[in-house]
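**Q** To start, I am sharing the structure in question, which I have written as structure tokens.
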Protein chains: 2
Amino acid sequence: MAGRTDTKHEILNVAEQLWLHKGYNGFSYQHIAKAIGIKSAAVHYHYPAKQDLGVALVERMRRRFARWTERTEALDGFWPKFDAYIAIHQLYLDDGEGGRVCPSGILDAEFHTISEDMRHAARELTREMHRWLTDLFRAGRDAGEVSFRGDPDGIAAVAGATVQGALQIARAVGRGSFHLTIDHLKLQLRQRECADA
Amino acid sequence: MAGRTDTKHEILNVAEQLWLHKGYNGFSYQHIAKAIGIKSAAVHYHYPAKQDLGVALVERMRRRFARWTERTEALDGFWPKFDAYIAIHQLYLDDGEGGRVCPSGILDAEFHTISEDMRHAARELTREMHRWLTDLFRAGRDAGEVSFRGDPDGIAAVAGATVQGALQIARAVGRGSFHLTIDHLKLQLRQRECADA
DNA sequence: AACCTTACTTACTAGTTAGTAAGTGGGCAA
DNA sequence: TTGCCCACTTACTAACTAGTAAGTAAGGTT
């Protein structure tokens, strides 16, 4: 029966679905195997231990984000780039029944049940996203496209946390809440000539 | 051996610790039993099924939040109340090694693995917190203590999501990130007479 | 003194978990 | 054609999961 070429890739895809849907402790090798139509030992063949799979999952997310940042360099200005950042999260929201959650959200929630390897990758992913947002806000302010108080570093932390939190809360109370949150976040960041109140 | 009076209460306390630390799928009745020094069947005596325990956990959170809102009515003005809201989350952050996460965060992340009873309670908790924040922002704006664009409803969603997200992210990258985020959130909300840029 | 309830323990089930060891069949290289 | 490696399967283990049933000891009630 040897030789489906893409089993390893397929395992990663199914595992990612299950992971973002149910959490790391919410799925097993049997779930993956059944979904693909192989035996769970075959999953162990490609990823001997579950933490190997976990690390592979997070590392793929990092590579994906890195490629995404390269592609978005083509976009011009703060707002198109910021909207693109929102859009990748919206994809999670719209997926499947009930929606998935962003990888960082799941990783942080279950942080104490994952291996040190996974934690390290999770930390790096979080830092990379934060760095990207920080650079975006700095450039946006320099170009006069966005308005905020304090450091780019700090407002990037606010924006990142808001998007992550909004995505999770939307799971409980519905996706309308995500849009309400994002709209109001953007509203606060809009350039203001002279103030309200 | 009959008759420790507070076993049920003790189970709830230990379960809450484990829950916020490891997630709902990250602990078992055996973990609870071992921590207290009883047998896992004794846990089943008080909470027949795990979802009964789960619902009890969330309902207690709701009662706790309701009592908290009553107590904070005594505080005068937007900022003391808002700071009190931050403070309850800070408590989670400072707890134990690595910190816990707020209940909403865990519930949302594992939303698809919990029973409908738990989901209902989770939804209600989320709505209650959002309602409280909405009222706070409305009153704060009417009193001229806080400045934001859009609806109180929307800015409440932003603040709630930011705090929840920041708490989780702090798990991965350290608690300094929480303070940075909260400081900058507050900075945006501060009253402004005339604008920047 | 008899009995009932409460709060457990002991002992168990059936199913699932991650993980391993040994075997199997197809395809490719020498 | 022989032999080897890859990608699996079959068959298994040990530990753990939620959950149940039956027994037991203490304390209160009648």
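**Q** Looking at A:Asp142 and the list (1) more than 8 Å from chain B (Cβ to nearest Cβ); (2) touching a residue at least 40 places away in the same chain (Cβ under 8 Å), which single condition is not satisfied?
**A** Among (1) more than 8 Å from chain B (Cβ to nearest Cβ); (2) touching a residue at least 40 places away in the same chain (Cβ under 8 Å), the lone unmet condition for A:Asp142 is (2).
**Q** Among the residues that make up segment A:157-168, is at least one of them within 23 Å of B:Gly26 (Cα to Cα) and either more than 7 Å from chain B (Cβ to nearest Cβ) or touching a Leu at 6+ places or on another chain (Cβ under 7 Å) (or both)?
**A** yes
**Q** Ok, one more. Give all pairs with beta carbons closer than 8 Å in which a residue from segment B:40-58 that is under 18 Å from B:Cys102 (Cα atoms) meets a residue that is among the β-branched types (Val, Ile, Thr) and crowded, with 17+ Cβ neighbours inside 10 Å; count only pairs at least 6 apart in sequence or on separate chains.
**A** Taking only residues 6 or more apart or on different chains, the pairs are B:Leu53/B:Ile11; B:Leu53/B:Val43; B:Gly54/B:Ile114.
**Q** Also, I was wondering about something else. Hey, B:Gly154 hits all of (1) in a helix (DSSP H, G or I); (2) more than 30 Å from A:His112 (Cα to Cα); (3) touching a residue at least 12 places away in the same chain (Cβ under 8 Å); (4) within 9 Å of chain A (Cβ to nearest Cβ) but one; which does it fall short on?
**A** (3)
**Q** Which is surrounded by 19 or more Cβ atoms within 10 Å (Cβ to Cβ) and in contact with a Lys or Arg (Cβ under 9 Å, 6 or more places away or on another chain), of B:Val163, B:Val158, B:Val146?
**A** Among B:Val163, B:Val158, B:Val146, only B:Val146 is surrounded by 19 or more Cβ atoms within 10 Å (Cβ to Cβ) and in contact with a Lys or Arg (Cβ under 9 Å, 6 or more places away or on another chain).
**Q** Based on what the data block shows, is A:Thr181 polar (S, T, N, Q), facing chain B (nearest Cβ under 9 Å) and without any contact (Cβ under 8 Å) to a residue 24 or more places away in the chain?
**A** Working: polar (S, T, N, Q): yes; facing chain B (nearest Cβ under 9 Å): yes; without any contact (Cβ under 8 Å) to a residue 24 or more places away in the chain: yes.
So A:Thr181 fits the description; yes.
**Q** Can you name the residue in segment A:95-118 that is in a helix (DSSP H, G or I) and more than 10 Å from chain B (Cβ to nearest Cβ) and is also modelled with the lowest pLDDT among such residues?
**A** The selected residue is A:Pro103.
**Q** Here's something else I'd like to know. Could we say that A:Arg131 is within 22 Å of B:Val173 (Cα to Cα), basic (Lys, Arg) and more than 10 Å from chain B (Cβ to nearest Cβ) here? Even if it seems obvious, please write down each step before you answer.
**A** Values: within 22 Å of B:Val173 (Cα to Cα): yes; basic (Lys, Arg): yes; more than 10 Å from chain B (Cβ to nearest Cβ): yes.
Taking the combined requirement at face value, the residue satisfies it.
**Q** Which ones in segment A:62-82 are of a type outside the set (Val, Ile, Thr) and either over 24 Å from A:Leu107 (Cα atoms) or more than 15 Å from the chain's Cα centre (by Cα) (or both)? So that I can check it myself, show each step before the final result.
**A** To start, the set of residues in segment A:62-82 that are of a type outside the set (Val, Ile, Thr) comprises A:62-68, A:70-71, A:73-82.
Matches in segment A:62-82: A:Glu70, A:Arg71, A:Glu73, A:Ala74, A:Leu75, A:Asp76, A:Gly77, A:Phe78, A:Trp79, A:Pro80, A:Lys81.
**Q** Hey, any hits in segment A:42-61 for a residue that's under 17 Å from the mean Cα position of the chain (by Cα), closer than 30 Å to A:Glu128 by Cα, within 11 Å of DNA strand C (Cβ to nearest atom) and in the same structural domain as A:Glu110 (by the TED database)?
**A** yes
**Q** Considering B:Asp135, B:Asp108, which residue is open to solvent by 10 Å² or more (accessible area, probe 1.4 Å) and touching a residue at least 12 places away in the same chain (Cβ under 8 Å)?
**A** Going through B:Asp135, B:Asp108 in turn, just one is open to solvent by 10 Å² or more (accessible area, probe 1.4 Å) and touching a residue at least 12 places away in the same chain (Cβ under 8 Å): B:Asp135.
Here is a yes/no grid of residues against (1) more than 11 Å from DNA strand D (Cβ to nearest atom); (2) within 14 Å of chain B (Cβ to nearest Cβ); (3) under 18 Å from A:Met118 (Cα atoms):
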| residue | (1), (2), (3) |
| --- | --- |
| A:Asp6 | no, no, no |
| A:Ala15 | yes, no, yes |
| A:Leu20 | yes, yes, yes |
| A:Phe27 | yes, yes, yes |
| A:Ile38 | no, no, no |
| A:Tyr47 | yes, no, yes |
| A:Asp52 | yes, no, yes |
| A:Glu59 | yes, no, yes |
| A:Arg62 | yes, yes, yes |
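**Q** Does A:Gln168 satisfy being open to solvent by 20 Å² or more (accessible area, probe 1.4 Å) and in contact (Cβ under 8 Å) with a residue 40 or more places away in the chain?
**A** Considered against the rule, which asks whether it is open to solvent by 20 Å² or more (accessible area, probe 1.4 Å) and in contact (Cβ under 8 Å) with a residue 40 or more places away in the chain, A:Gln168 comes out as no.
**Q** Between B:Gly165, B:Gly150, B:Gly144, B:Gly154, which is modelled with pLDDT of 95 or more and under 21 Å from B:Gly77 (Cβ atoms)?
**A** Sole residue among the options that is modelled with pLDDT of 95 or more and under 21 Å from B:Gly77 (Cβ atoms): B:Gly144.
**Q** Determine whether B:Ala121 is crowded, with 20+ Cβ neighbours inside 10 Å, at pLDDT below 95 and of a type in the set (Gly, Ala, Ser).
**A** The answer is no for B:Ala121.
The values are calculated or read from the model by the stated rules, or taken from the named source; none is laboratory data. Everything numeric in this text was worked out from a predicted model, so none of it was measured. Methodologically, a virtual Cβ is constructed for each residue, glycine included, from the backbone with ideal geometry; neighbour enumeration extends over all protein chains shown. Just so you know, the surface numbers come from the protein's heavy atoms only, side chains and all, with ligands and any DNA or RNA stripped out. Shrake-Rupley method; radii C 1.70, N 1.55, O 1.52, S 1.80 Å.
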